[in-house]
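A.B. asks: So that we are looking at the same thing, I have put the structure below in C-alpha cells.
The values are calculated or read from the model by the stated rules, or taken from the named source; none is laboratory data. Because the structure is a prediction, the values reported are computed rather than measured. Glycine also receives a Cβ, built like all others from the backbone with ideal geometry; neighbour counts cover every protein chain displayed.
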Amino acid sequence: MSTITTAQNSARANSITLLDEAKAKTNLLGMTQAQLSDYFKSIGEKPFRATQVIKWIYQHGVTDFEQMTNLSKSLRDKLMFNACVTPPKVIHRQYSDDGTRKWVFEVTGGSLVETVLIPADDSKVDGRKTLCISSQVGCALDCSFCSTGKQGFERDLSAAEIIGQLWVANASYMSDDNDSLADIDHSAWENKVTNVVMMGMGEPLLNYDPVVGSMALMLSDHAYGLSKRRVTLSTSGVVPKMYELAQDIDVALAISLHAPNDELRNELVPINKKYPLAELIAAAKHYVYDVNPRHKKHVTIEYVMLDGVNDSDAHAYELAALLEGLPSKINLIPFNPFPHAPYDKSSNNRIHAFSNILSQAGFVCTIRQTRGDDIDAACGQLVGQVADRTRRSAKWQQSIKDRSAI
Ligand code: SF4
C-alpha cells in the first residue's frame with residue numbers, strides 16, 4: 001500500500017512544475033540585438049529593453065535580473081520567471097605564470113571544451129589579451145597535424161556557449177578571489193579581453209549562425225564594442241561560407257593554409273580536396289577587395305611548420321608565388337607536438353630561413369611565440385573530451401596501438 005500522502009503528492013507536483021519551468025527558461029546569453037528585441041516583443045515588452053539587457057550582461061557582467069535596476073520591478077519578475085543568463089559551466093581553470101589562462105567548460109551533453117587567453121609579450125605596455133574561442137565540440141575536418149581533429153566531432157556549440165567563453169574570461173578578472181558570481185563587484189566590472197580569435201576547437205564556418213551572431217555581439221557598442229580588426233575568424237577554407245561571411249559581417253579573416261600546393265594540402269588539410277587552393281585564394285581576394293573596397297584589409301595566413309614536410313626553401317618560394325596579389329600577413333606556427341603526433345617541429349633555424357625568404361619576397365612574416373607552456377595552451381592544440389560521433393577518435397586510438405605493436 002502506498003504511504004504517499006496527498007500533501008506529498010502535491011509537493012511533488014509543485015516541484016515537478018518548478019523543474020519544468022526551470023528547464024523552459026530562455027537563455028538570453030548569446031542572443032543578438034534583433035533576437036532579443038523579438039524576445040521582448042514576444043513577452044509584451046518594448047524592444048528597446050534588448051539594449052538595456054545587453055548592456056547589463058556584457059558591459060556589467062550581470063546575470064541576475066534583480067540587479068538590472070533600470071528595468072521595472074514587474075519586468076524583472078517576469079524575466080526571473082521566464083528567462084536566465086547562463087554561461088557555460090567552468091569545471092577547471094588554470095592560470096600560467098606568463099599570464100596565460102585556460103578554462104575547461106562542460107557543455108550541455110557532458111563534453112568538455114577549452115578556451116585559452118594569451119597576453120601579448122608586451123601586454124604590460126599595450127594590455128593586449130587575446131582569447132582563442134572554440135566553436136564546435138571536436139571538429140569534423142581531421143587536419144593531419146591537429147590534436148582536436150583526432151578527437152572526432154560531436155556537435156556545434158550554441159551561441160550562449162560561444163559568447164559565454166568570452167563572458168567567463170572577462171569575469172575571471174573579477175571573480176578570482178570569489179567563489180560565486182554573486183560576489184563580483186559589478187560596478188567595477190571592466191572587460192579585459194582586447195582581441196578574440198575564432199581559432200579554438202572546431203571549424204567556425206561550419207557553425208555559421210551562432211558564430212556570426214556571437215561576433216556581432218563582440219563588435220556591438222552595446223555589448224563588447226571590440227574593433228573589427230580585433231575579432232578574427234580563422235577558417236581552413238569552407239569557400240562558399242567565406243562569400244557569405246563577406247556579406248554578413250566585417251571581421252578580420254585568417255586562413256589555416258599550411259601548404260603551398262594542392263597535393264600537400266590535400267594531405268594536411270583534407271577539406272582542400274573539396275575546395276582547392278585556387279578557389280580558396282579567389283574567395284580570400286573577394287573578402288579583401290570586393291566587399292567595402294575602400295577599407296584596407298589583409299588576410300592572415302596561418303602556416304604550421306612541420307619538420308621535413310612543408311618547411312623547405314622550395315615550399316617558401318611556392319608560398320610566396322601562391323599569395324602574390326593577395327594582401328597577406330604570414331604567421332608561422334612552430335608545431336606543438338601532441339602524444340603520438342605523426343610530425344615533428346621544424347628547427348628554429350629552418351623556421352627563420354623560411355621566414356627570411358617570405359620577408360624578402362615582400363610579405364610581413366611573423367613567428368608565433370609559444371606561450372603558456374606550463375599549461376599546454378597553444379591555439380590549435382586545444383583538447384577536451386568529445387563524445388565522438390564520427391568514430392575517428394576510436395580509429396586514431398587503434399592506429400596508435402597498431403604502431404606500438406610494430
Ligand atoms: S586545424 Fe582546425 S579545421 Fe583542422 S581539424 Fe583542427 S580544429 Fe578542425
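A.B. asks: Just checking, does the range 189-209 include any residue being in a helix (DSSP H, G or I), at pLDDT below 95 and assigned by TED's automatic domain parsing to the domain that holds LEU280? Explain how you work it out, then say what you get.
C.D. replies: Step one: of the range 189-209, the residues in a helix (DSSP H, G or I) are 204-206, 208-209.
Going one step further and asking which of them are at pLDDT below 95, we end up with none.
No: zero hits.
A.B. asks: Considering only the range 32-64, how many residues are part of a helix (DSSP H, G or I) and of a type outside the set (Gly, Ala, Ser)? Break it down stepwise before answering.
C.D. replies: Pass one, the range 32-64, residues part of a helix (DSSP H, G or I): 33-42, 49-59.
Pick out the ones that are also of a type outside the set (Gly, Ala, Ser) and you get 33, 35-36, 38-41, 49, 51-59.
Looking only at that region, the number is 17.
A.B. asks: From the list VAL62, VAL104, pick out the single residue that is closer than 20 Å to GLN35 by Cβ and away from the ligand (no atom under 16 Å from the Cβ). Show your work before the answer.
C.D. replies: Working: VAL104 fails: closer than 20 Å to GLN35 by Cβ.
Checking each option against the conditions leaves just VAL62.
A.B. asks: Which pairs turn up if I take residues in the range 248-269 that are more than 17 Å from LEU332 (Cα to Cα) and look for partners that are within 13 Å of the ligand (Cβ to nearest atom) with beta carbon separation below 7 Å, at least 6 apart in sequence or on another chain?
C.D. replies: Every condition considered, the pairs that remain are VAL251/LEU233; ASP262/ASN272; ASN266/ASN272; GLU267/SER144.
A.B. asks: Next question, about the same structure. Could you tell me which numbered condition VAL251 fails, if it satisfies all but one of (1) touching a helix residue (DSSP H, G or I) at 6+ places or on another chain (Cβ under 8 Å); (2) farther than 22 Å from ASN195 by Cα?
C.D. replies: (2)
A.B. asks: May I ask you to verify whether ALA314 is within 15 Å of the ligand (Cβ to nearest atom), assigned by TED's automatic domain parsing to the domain that holds MET198 and hydrophobic (A, V, I, L, M, F, W, C)? Walk me through how you get there before you give the answer.
C.D. replies: On the way: within 15 Å of the ligand (Cβ to nearest atom): no; assigned by TED's automatic domain parsing to the domain that holds MET198: yes; hydrophobic (A, V, I, L, M, F, W, C): yes.
Judged against the criteria, ALA314 is not a match.
A.B. asks: Can I ask one more? How many residues does the range 40-75 contain that are touching a residue at least 24 places away in the same chain (Cβ under 8 Å) and over 20 Å from ASN170 (Cβ atoms)? Break it down into steps so the answer makes sense when it comes.
C.D. replies: Of all residues in the range 40-75, those touching a residue at least 24 places away in the same chain (Cβ under 8 Å) come to 43, 45, 49, 51, 53-55, 57-64, 67, 75.
Of the ones still in play, those that are also over 20 Å from ASN170 (Cβ atoms) are 43, 45, 49, 75.
Final tally of qualifying residues: 4.
A.B. asks: Being over 16 Å from the mean Cα position of the chain (by Cα), among the hydroxyl-bearing types (Ser, Thr, Tyr) and more than 25 Å from GLY61 (Cβ to Cβ) is the requirement here; does TYR208 meet it? Write out each step before concluding.
C.D. replies: On the way: over 16 Å from the mean Cα position of the chain (by Cα): no; among the hydroxyl-bearing types (Ser, Thr, Tyr): yes; more than 25 Å from GLY61 (Cβ to Cβ): yes.
Judged against the criteria, TYR208 is not a match.
A.B. asks: Taking the range 217-250 on its own, how many of its residues are in contact with a Lys or Arg (Cβ under 7 Å, 6 or more places away or on another chain) and either modelled with pLDDT under 95 or not assigned by TED's automatic domain parsing to the domain that holds PRO327 (or both)?
C.D. replies: If we filter the range 217-250 for residues that are in contact with a Lys or Arg (Cβ under 7 Å, 6 or more places away or on another chain), which is where we start, we get 219, 222, 250.
Checking which are either modelled with pLDDT under 95 or not assigned by TED's automatic domain parsing to the domain that holds PRO327 (or both) leaves us with 250.
Looking only at that region, the number is 1.
A.B. asks: Sort out which residues of the range 320-340 are touching a helix residue (DSSP H, G or I) at 6+ places or on another chain (Cβ under 7 Å) and of a type outside the set (Gly, Ala, Ser), and write them in order of number.
C.D. replies: Within the range 320-340, LEU322, LEU326, PRO327, ILE330, LEU332, PRO334, PHE338, HIS340 qualify.
A.B. asks: Then there is this: In the set SER355, SER346, which member is touching a helix residue (DSSP H, G or I) at 6+ places or on another chain (Cβ under 9 Å) and within 21 Å of CYS146 (Cα to Cα)?
C.D. replies: Unique residue meeting the criteria: SER346.
A.B. asks: Are any of the residues in the range 318-329 assigned by TED's automatic domain parsing to the domain that holds GLN151 and under 24 Å from the mean Cα position of the chain (by Cα)?
C.D. replies: In the first step, residues of the range 318-329 are kept if they are assigned by TED's automatic domain parsing to the domain that holds GLN151; the result is 318-329.
Checking which are under 24 Å from the mean Cα position of the chain (by Cα) leaves us with 328-329.
The answer is yes, given that some residue of the range 318-329 is assigned by TED's automatic domain parsing to the domain that holds GLN151 and under 24 Å from the mean Cα position of the chain (by Cα).
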